[in-house]
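Please read the structure below before turning to the comments.
The values are calculated or read from the model by the stated rules, or taken from the named source; none is laboratory data. Predicted, not measured: the structure shown is a model, and the values here were computed from it. Using ideal geometry, Cβ is built from the backbone for each residue, glycine included, and neighbour counts are taken over all protein chains shown. For the accessible areas, the whole protein counts, side chains as well, though only heavy atoms, and no ligand, DNA or RNA atoms are used. Shrake-Rupley method; radii C 1.70, N 1.55, O 1.52, S 1.80 Å.
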Amino acid sequence: MTTPFVYQSSASRVIFGAGTVTQLAAELETLGCTRVLVLSTPFQKGDAEQLARDIGTLAAGVFADATMHTPVDVTELALAAFEAAGADGIVSIGGGSTIGLGKAMSWRNKAPHLVVATTYAGSEVTDILGQTENGEKTTIRDPAIRPETVIYDANLTLGLPVSMSVSSGLNAIAHAIEGLYAQDRNPVTSLMAVEAIRAMKSALPRIIKTPEDVAARSDALYGSWLCGVVLGSVGMSLHHKLCHTLGGTFNLLHAETHAILLPHTAAFNAVAAGDALAPAAALFDGDLCGGLYDFAAELGAPLALRDLGVTPDDLEKAADLAVKKPYWNPREITRCGILDLLSNALNGTRPQAH
């Protein structure tokens, strides 16, 4: 008998396929935009400027200072640039940092937000905004945060460095893993989560072997889209709480933090959520936490928080923050348990469910 459930579908319009970025101007006109501010990180400033040239008079300018963890002061600078340019819409080209800035802006000024996704962040189809102020990262959920339209064009991901592809892909898998044991999970999101993990598990090794493989890049975008839909449909748990805590407090690289913690949070929760995680474990020969660790190692991903500059002294502060206002989690969260988990992640120890 199927368990009763509630499923709310995503409101985002998704345009998927190689070459679909050429539809950007038409999509902006559909949204009623006449002048848009194009956002990017400094790393992708050239891509943003090219995109602005491609859409011609629809571009009001480029703001290329998006920063990871969405600092509030950067959002305020971007909003000032938006007003000065006389813009009426926002285009984010890039990954989580740029998408986060676009979300923060559109949530405040209600401008339409279109995303051209070039990483596997998945946040482009969620109603979640994580932003940092005074060294603390907080999360807001509001349907108004979700971008109106997302374009997935695999051709735009061919230049994504392999290391960033790997960490971004593992970040996406983390969304799906947490979705499987979420308190408000349902059969639809669980099916999406397993399919998303399968797609990413297939695509990432192929990208390492042949970074310009359009089919592999397309499969990774497909998987990341599903991961994002799962994240935007259900609640987050311990994994995301820890990543937000560590990232916002110590300014750690976002995707890499997710990649390192994923096997350890899966091991922690497998004790209480083994049945829910079983379909994902089957993709890793029955050993989810060890399999995730081995998969990350095979991909050349960072395995230890030490690699990101975290010290043993940082763990005490992180544990204190993690047990403060905790997210719902299938297993009880204790300071001792968090310290044990973080210690293993600090040293890159291969995890086991216990």
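Helix 238-250 and the longest principal axis of the C-alpha atoms of the chain enclose an angle of approximately 60°. When peptides 263-274, 296-307 are ranked by their average number of other Cβ atoms within 10 Å per residue, the highest-first order is 263-274, 296-307. Counting heavy atoms of the protein chains alone, TRP328 has an accessible area of about 100 Å² for a 1.4 Å probe. Taking the protein heavy atoms of the chain in the context of the full set of protein chains, the accessible area attributed to carbon and sulfur is 53 percent at 1.4 Å. Partners of LYS110 within straight-line reach, counting lysines whose Cα lies under 24 Å from its Cα and excluding those fewer than 8 residues away in the same chain: LYS137.
Would you calculate, for the chain, the mean residue ellipticity at 222 nm contributed by helices, counting each DSSP H stretch of 4 or more residues as -39,500 (n - 2.57) and dividing by all residues, to the nearest 500? Write out the running numbers ahead of the final one.
On the way: 12 runs with 186 residues, N = 354.
Mean residue ellipticity at 222 nm (helix-derived): -17500 deg cm²/dmol.
Here the spin labels are modelled as points 7 Å beyond Cα on the Cα-Cβ line, and at ALA11 and VAL214 they lie 3.5 nm apart. To the nearest 10, the accessible area of HIS69 is 10 Å² with a 1.4 Å probe.
Cross-link partners of LYS201 among lysines, defined as those whose alpha carbon lies under 21 angstrom from its own and excluding same-chain residues fewer than eight positions apart: LYS209.
Sort PHE63, PHE43 by accessible area with a 1.4 Å probe, largest first. Walk me through the intermediate numbers first.
Values: PHE63 25, PHE43 145 Å².
From most accessible down to least: PHE43, PHE63.
Charged neighbours of ILE140, selected by a Cβ distance under 14 Å, balance to +2 (K, R count +1; D, E count -1).
Between ASP153, ASP275, ASP219, the GNM of the chain built on Cα springs shorter than 10 angstrom shows ASP275 fluctuating the most.
Within the full protein context, the accessible area of TYR7 is estimated at about 80 Å² for a probe radius of 1.4 Å. Per residue, the accessible area of the chain comes to 40 Å², computed with a 1.4 Å probe over protein heavy atoms only.
Got a sec? What order do ILE333, ILE208 fall in by accessible area at 1.4 Å, biggest, i.e. largest, first? Mind showing how you got there, number by number?
Numbers: ILE333 40, ILE208 65 Å².
In descending accessible area the options line up as ILE208, ILE333.
In the chain, a dipole from Cβ-located charges (positive for Lys and Arg, negative for Asp and Glu) runs towards its positive end, and of THR257, THR334, ALA78 it is THR334 whose Cα lies farthest in that direction. Placing a label point 7 Å from the Cα of ASP285 along the Cα-to-Cβ direction, the residues of the range 201-221 with a backbone N closer than 19 Å are 201-206. Gap in Å between the Cα centre of the range 252-306 and the Cα centre of the range 57-116? After rounding, the separation between the Cα centres reads 33 Å.
Relative to the dominant Cα principal axis of the chain, helix 335-347 is inclined by about 70°. The residues packed around LYS110, meaning those with a beta-carbon under 15 Å from its beta-carbon, carry a net charge of -2 if Lys and Arg are +1 and Asp and Glu are -1. Sorting TYR181, TYR327 by accessible area puts them as TYR327, TYR181; the probe is 1.4 Å, largest comes first, and only protein heavy atoms count. The angle separating the long axis of helix 96-109 from the principal Cα axis of greatest extent in the chain is about 60 degrees.
When peptides 132-143, 338-349 are ranked by their average number of other Cβ atoms within 10 Å per residue, the highest-first order is 338-349, 132-143.
Given Cα pairs under 8 Å that are at least 6 residues apart, what percent is the relative contact order of the range 274-354?
Details: 55 pairs, mean separation 27.9, N = 81.
RCO, the range 274-354: 34 percent.
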